[in-house]
Every structure is written in structure tokens, then in C-alpha cells.
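The values are calculated or read from the model by the stated rules, or taken from the named source; none is laboratory data. Please read all numbers here as calculations on a predicted model, not as lab measurements. Neighbour counts are summed over all protein chains in view; Cβ atoms, including those assigned to glycine, are modelled from backbone coordinates with ideal geometry. Ligands, DNA and RNA are stripped out before the accessible areas are found, and what is left, the full protein with its side chains, is counted by its heavy atoms. Shrake-Rupley method; radii C 1.70, N 1.55, O 1.52, S 1.80 Å.
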Amino acid sequence: MLLKKLSMILWRNLFETLRRARGGAVLLTRDSLLTKINSDGKDSIFIDPLLSAEQIGAISVDLRLGYDFLVSVLGEQASISVDPRNSESSPENFFQSIRRDLGDAFLIHPGQAVLATSLEYVGLPNNVYAEVVSRSSYHRLGLSISSTFQPGFRGCISLELFNLSNAPIELVVGSRIVQVKFLEVSAEVEYLTEGRRRKYIGNVRPTVSRASRDEELKVLIDLSNQRA
């Protein structure tokens, strides 16, 4: 009984530390995840397909590598540009689309950037955001993945894969490659608001950077033109 009480106190202190560190957000644990995932409630976390209950861990959910990839390649231009006036150097010209089937191998070379997505389609309620990182087993290979998705997000999770090692890394389509932590905030957040453009909402395939659509770029370009 004493050991159980001590364990409860340690968990309570851990959650309080995490809550303070994240500005009041509460990390959802397995029991909460099991209650919220694909439920009928307003605060449901939608994940489909969830192929195995074992994907739900103590404080995170494992997601799988999807079918489609955008592989970085050398373009005809010297560099990638986010300047909307420079369409010849836009990101679309520096990525090649590739598709694989479940169980197929996919190779990422050293220093290469590859855009992929999760196999699962994810929908977040307006009071939960998600933090995505590579699983430890893949991080140890030199594969780096890190993203954050805001409350209300809908779509397949974007996976920006980077091989930081000196050797090619062979991945398997459909394998559990990332872990997602879901954090509940104290108030609902409107992800889709009138007049605000969302660049990646609802995507089910990899999408290149749409930084050129950032509204401040037009302002900065106008400032530059005024000085010319």
C-alpha cells in the first residue's frame, strides 16, 4: 500500500512538472488516450487506420510510415527560393514524387531530406495539440523527425525525414516510425478562423514547403521595392 501511494505521488509530481513546463498543457496518458481515440465525444482524437492497440503507449501513440514520398533532388537552379516571384527556383522543382507499397523498402541517403506522411489520418479536437518525434530506435540510426500540430488539425501527419548519419538508412513502409504525444490545453483553440489561410490542412500526401505563401513576404518585398 505504501509503495502504491508513493508511486501515485511520483506520477502526480511528474504531471505537475510537465504541466508547468508546457504552459498549463496536460500530457494525455494511456487511459485518457484509450478513452478519447476514435470516441463519439466532442474531444475525440481521430486516428485511422489504427492497426494495433499496441501502438498506444504509456504517454504516446506510435504512427506508421505511409506510402508516398517527396525526395529532394538537385534542380536546374542554384538554390531553392521562397520568394513568390521566383517560380523557377520554387521548392516543387527540387523534389521528386515516389510511391511504395506496404512492406517495401525505402532508402534515405546521408544528408538527404525526404517528405513523407503517416499511414494514419489524424484529426485533433480544438483543445488538443500534438508533438511528433522519431522513435528512439530510429533516432539511434540518425533519422531525425520533429513536428508540432495545432489543435483542430486534420490530415495525415507530415513527416520531414532527415538522415543525419554517414550511411544510407533503409526504412520499411508501414513500420512504426514516430511517436506522437497529445497535450490537452485549458481552452479550445480555433485552428480554422475566418480570413486566415492554412497551408497544410487536410493533406493526405507529402506537400513541399509553402513558405512562399506567407503573408509577410509580400510586405517585405514591397519594402525592398520601395528602396530600389
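What the table shows:
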read-out: Hits in the stretch 163-183 (condition: part of a strand (DSSP E or B) and open to solvent by 50 Å² or more (accessible area, probe 1.4 Å)); value: 170, 172, 176, 179, 181
read-out: Selection count where residues are farther than 23 Å from residue 116 by Cα and hydrophobic (A, V, I, L, M, F, W, C), scope the stretch 40-65; value: 3
read-out: Search result, residues across the stretch 106-128 that are more than 17 Å from residue 200 (Cβ to Cβ) and either assigned to a strand (DSSP E or B) or among the basic types (Lys, Arg) (or both); value: 106, 107, 108, 119, 128
read-out: Condition broken by residue 52, with the remaining ones in (1) crowded, with 20+ Cβ neighbours inside 10 Å; (2) at pLDDT below 95; (3) closer than 18 Å to residue 157 by Cβ satisfied; value: (1)
read-out: Output for the stretch 142-157, where each listed residue is hydrophobic (A, V, I, L, M, F, W, C), more than 11 Å from residue 66 (Cβ to Cβ) and in a strand (DSSP E or B); value: 143, 149
read-out: Check on residue 18, open to solvent by less than 70 Å² (accessible area, probe 1.4 Å) and modelled with pLDDT under 95; value: yes
read-out: Qualifying position, being open to solvent by 50 Å² or more (accessible area, probe 1.4 Å) and under 15 Å from residue 65 (Cα atoms), among 188, 120, 216, 160; value: 160
read-out: So residue 60, is it modelled with pLDDT of 80 or more, closer than 24 Å to residue 159 by Cα and surrounded by fewer than 13 Cβ atoms within 10 Å (Cβ to Cβ); value: no
read-out: Selection count where residues are over 17 Å from the mean Cα position of the chain (by Cα), in contact (Cβ under 8 Å) with a residue 60 or more places away in the chain and surrounded by fewer than 10 Cβ atoms within 10 Å (Cβ to Cβ), scope the stretch 37-49; value: 1
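Let's see how each residue does on (1) part of a loop (DSSP other than H, G, I, E, B); (2) surrounded by fewer than 20 Cβ atoms within 10 Å (Cβ to Cβ):
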| residue | (1), (2) |
| --- | --- |
| 76 | yes, yes |
| 88 | no, yes |
| 96 | no, yes |
| 101 | yes, yes |
| 130 | no, no |
